[in-house]
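Q: Supplied in structure tokens, the structure appears directly below.
Nothing in this text is a laboratory measurement; each read-out follows from the coordinates by a stated rule. Since we're looking at a predicted model, the values are computed, not measured. Positions of Cβ are backbone-derived with ideal geometry, glycine not excepted, and every protein chain shown enters the neighbour counts.
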Amino acid sequence: MLAPRKVLRPLANLAIALALSACGQTDNSALSIAVIGSPGDAFDADAVASPAGQLVRASTTEGLVSFDEKGRVIPALADRWIVTDDGQSYIFRLRDGDWPSGDPLTAESAKIALRTALDALDGTPLAYDLAGIEDIRTMAGRVVEIRLTRPMPYLLQLLAQPELGLTFKQRGAGPMRLERDGAVARLTPIDPATIGLPAVENWTQRVRRIDVQAVDGPTAVEAFNAGKVDLVLGGEIQHFPLTRSVGILRGTIQVDPVTGLFGLRVMNEEGFLADPANREALAMAIDREGLIAQFSLGGWSPTTRLVSPSLDGDLGTIGERWSEQPIDDRRAIAAGRVRRWAATGNEAPGPVLHIWLPAGSGADLLFDKLSADLAAIGVRLQRADDPADADLRLMDEVARYPRAAWFLNRLACSTRQGLCSPDADARVAEAATASPEERASLLTEAEAELTAANVFIPFGPPIRWSLVRGSVAGFAPNTWGWHPLMPLAWIPR
């Protein structure tokens, strides 16, 4: 249990900064949101750096399409689109209206903005996800075509990401306008009539401002419990135990049914970690169900696979590892490998590995359980303060689209974030130009290569949670763990 001094942190600064309004009101008072993070995250120029930064960017710089509260793709700068039968051309019709500068929204300006956004992603994993884009063309005054080298059935999900928000003269087109008030991001919905769109009757009575501030986990949860904020976003595993303090009358804990990578990335091949069989021994020793059982999370499914099972296109030829072996048998095999390694003149009684986990009571629980699991095979864990000093590092990312390629791109050598497999990367590269049938086979081979290399130790899907006041409308759990602000700005009727 958390020490009281950690939970009951001073909230004076937060309360003053947010100019907190009463919760549950149906007038146009601002809706106050705390996003778990660090102060200033909402104004971070690097939108991918934090949940708060991504939310603000998505609210002020929309792309061709965006997400609604249920994670469905909806129109944004483009009001409609078609996909050709071969799946290699997406044609977007831009909405009528102007950029915030007053310049007309044209196909040419949108094309330039989209190229600029894509160029800014160079070298990132998201750039590899978008590598199938061959060309961007203007077909008419307000019609843009994206040509692909191969079908990308997940292209719309990618175009809705915050990083693909489009700017013109360094300004985004909304749907909200940002003002900074100290550490608070004040986001006001833009009146459509001011940007050349049809007027909405009683606009100011139909929407409200959203006030967003990034704070640490304990402060966010205590603010929610005290009625100071209506919504807490950005919850991850390291802060999940804090939700035990949330009473049923205060609101609900919402957990998103996400997929992604949640486990340990092997950061080097030194000492014990030099041998893939030794890295496998670590994966064999971990009791995945027990790891999450201490959080009392229903519906969480452990996995030993790198790619989430049963995704669209999964051939089903790669199954769970060691599924027929009891945990004690697995640990006996793993302990034998540790003993053999120690017997060859290495550390005795066994290796010491440094692990990096984020700060938080949930991460402390993970560390204690992982330490016990690995101690059972003769491996000692120590906590690393700096990720750069870690042998093992927690990787906790939500998939942006439900395909094997997302997982494989995140574990590619080009990310420079740990051990990798050049052979797996080669299969992924071949898949990029292969037929759909060959592509699925090549991606399966890539997963098999990475599995054999034991560069990542999966636990299961990531944990993403929010705290939601009962009076809040415009929020829904979804498979992307993404909760846009504009749906929350509509006043419930």
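Q: Calculate how steeply helix 422-431 sits against the longest principal axis of the alpha-carbon atoms of the chain, using the helix alpha-carbon long axis, and give the answer as 0 to 90 degrees to the nearest 10.
A: 40
Q: Could you give the angle, 0 to 90 degrees to the nearest 10, between helix 51-60's Cα long axis and the longest principal axis of the Cα atoms of the chain?
A: 20
Q: So in the chain, what percent of DSSP beta bridges are antiparallel if you round to the nearest 5? Display every interim value, and only then the final one.
A: On the way: 49 of 65 bridges.
About 75 percent, rounded to the nearest 5.
Q: Hey, what do the phi angles of the stretch 472-487 turn into as Karplus ³J(HN,Hα) couplings, whole Hz, using 6.51/-1.76/1.60 and θ = phi - 60°, x for Gly and Pro?
A: Values, residue by residue: 7, 10, x, 10, 8, x, 8, 6, 9, x, 10, 10, x, 7, 4, x Hz.
Q: Please list, or write none, the aspartates and glutamates whose alpha carbon is within less than 12 Å of the alpha carbon of Lys70, excluding same-chain residues fewer than 8 places away.
A: Lys70 reaches Asp256.
Q: Shifting gears a bit: Under 11 Å from the Cβ of Ala214, count the other residues' Cβ atoms, weight Lys and Arg +1, Asp and Glu -1, and hand me the total. Don't jump to the answer; show the numbers that get you there.
A: Details: positive: none; negative: Asp41, Asp44, Asp216.
Spelling it out: positives minus negatives among the neighbours equals -3.
Q: Can you give me the relative contact order of the stretch 62-172 as a percent, contacts being Cα pairs under 8 Å and 6 or more apart? Don't skip to the end; give the middle numbers.
A: Working: 190 pairs, mean separation 38.3, N = 111.
Dividing the mean separation by the residue count of the stretch 62-172 yields 34 percent.
Q: If you don't mind, there's one more thing I want to ask. Near Asp68, within a Cβ-to-Cβ distance under 15 Å, what is the net charge of the other residues, with Lys and Arg +1 and Asp and Glu -1?
A: Within the 15 Å Cβ shell, the charges total -2.
Q: By its C-alpha gyration tensor, with a ≥ b ≥ c as the square roots of the eigenvalues, how is the stretch 260-458 shaped: rounded for a/c under 1.5, else prolate for a/b larger than b/c, else oblate?
A: prolate
Q: While we're here: Please compute the contact order of the chain in relative form: average sequence separation of alpha-carbon pairs under 8 Å and at least six residues apart, divided by the residue count, as a percent. Please report the intermediate quantities before stating the final value.
A: Working: 1013 pairs, mean separation 111.9, N = 493.
With pairs under 8 Å counted, the relative contact order is 23 percent.
Q: Still on this model: Which peptide among 469-481, 298-310 comes first, and what is the full order, when sorted by highest mean count of other Cβ atoms within 10 Å?
A: Details: 469-481: 17.8, 298-310: 16.2.
Final packing ranking: 469-481, 298-310.
Q: Now a separate question. From the phi angles alone, apply the Karplus equation (6.51, -1.76, 1.60; θ = phi - 60°) to the stretch 31-44 and give each ³J(HN,Hα) in whole Hz, x where the residue is Gly or Pro.
A: For the stretch 31-44, the Karplus-derived couplings read 8, 9, 10, 9, 10, 5, x, 10, x, x, 4, 5, 10, 5 Hz, x marking Gly and Pro.
Q: Mind giving me the FRET efficiency for Trp490 and Thr415? R0 is 56 Å, r the Cβ-Cβ distance, nearest 0.05 is fine.
A: Values: r = 38 Å, r/R0 = 0.69.
The value I calculate is 0.90.
Q: How far, in degrees from 0 to 90, does helix 436-453 lean away from the longest principal axis of the Cα atoms of the chain, to the nearest 10?
A: Relative to the chain, helix 436-453 is tipped by roughly 50 degrees.
Q: Go ahead and estimate [θ] at 222 nm for the chain from helices alone: -39,500 (n - 2.57) per DSSP H run with n ≥ 4, summed, over the residue count, rounded to 500.
A: Details: 16 runs with 145 residues, N = 493.
Counting only the DSSP helices, I get -8500 deg cm²/dmol.
Q: Could you work out the relative contact order of the stretch 411-479, using alpha carbon pairs under 8 angstrom and six or more residues apart, expressed as a whole percent? Before the final figure, lay out each step's value.
A: Working: 48 pairs, mean separation 17.4, N = 69.
25 percent.
Q: Going by a ≥ b ≥ c, the root eigenvalues of the Cα gyration tensor, does the chain fall in the rounded group (a/c under 1.5), the prolate group (a/b larger than b/c) or the oblate group?
A: Numbers: a/c = 2.35, a/b = 1.32, b/c = 1.78.
Oblate, since a/c reaches 1.5 and b/c is not below a/b.
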